[in-house]
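Read-outs throughout are calculated quantities, based only on the coordinates presented, and are distinct from any laboratory measurement. Just so you know, these numbers come straight off a predicted model, no measurement behind them. Positions of Cβ are backbone-derived with ideal geometry, glycine not excepted, and every protein chain shown enters the neighbour counts.
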Ligand SMILES: NC(=O)c1ccc[n+]([C@@H]2O[C@H](COP(=O)([O-])OP(=O)(O)OC[C@H]3O[C@@H](n4cnc5c(N)ncnc54)[C@H](OP(=O)(O)O)[C@@H]3O)[C@@H](O)[C@H]2O)c1
């Protein structure tokens, strides 16, 4: 499944779907990556309202502590965090192992985190592209590999947050866009392999349009000024 969000009608349809999901997610064990700010943080709050067990991760521990406090206030069945950087593949695997220990299994893996990049002409920095691929793509693969056995046990799901920039090559986003295209190739192929193997794990690729999280509008303002 590929879900396109950010446009009026699709968004409305998604809100109806959310009502159905509310019951379906009660008591489910969910990891949300990149949940210290922005879309990941808001997803954690939605899951909390639905009564899910939430495990959030990102680098900034102080922010994650606030997020889990808020999740518990909103009705999460439980809320935990693991802090660290997804640039390190071992950390990506550690998050999944930690979820298995504290949640006793896993029903949903929401891969959402994204490394910092610039919004400008490609500057030729290959090292930056490699670093971004580690954070935005390879850690998604590492977490998926670690989580698949548990997700197969639970008939669970993987949600991959991507972007229009992962479907169309827009200017000023070359490194970011490359990482998002990679996600589409990997997860669209893996979805078909799981179907062939009759594995009961769904993969949803979310194709987001522009969403004003504060940070993104600041980036646009900077570009327009320059
Ligand atoms: N906002 C939009 O307009 C838009 C449009 C299309 C797609 N998307 C996609 O939606 C997702 C969320 O975007 P957003 O706008 O909410 O981004 P955001 O506010 O910048 O949040 C990014 C999250 O990733 C975490 N993160 C960054 N570097 C990390 C690292 N090295 N290791 C672990 N965590 C790291 C950040 O926390 P720490 O800094 O604490 O680590 C933060 O929690 C992304 O996949 C993005 O590509 C967003």
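Annotations for the structure displayed:
- Among (1) closer than 11 Å to residue 31 by Cβ; (2) surrounded by fewer than 17 Cβ atoms within 10 Å (Cβ to Cβ) - the single one residue 99 does not satisfy: (2)
- Exactly one residue among 111, 106, 133, 148 is surrounded by 17 or more Cβ atoms within 10 Å (Cβ to Cβ), in contact (Cβ under 8 Å) with a residue 40 or more places away in the chain, under 18 Å from the mean Cα position of the chain (by Cα) and over 18 Å from residue 81 (Cβ atoms), and that residue is 148.
- Sole residue being within 11 Å of the ligand (Cβ to nearest atom) and either more than 16 Å from residue 113 (Cα to Cα) or surrounded by 18 or more Cβ atoms within 10 Å (Cβ to Cβ) (or both), chosen from 207, 196: 207
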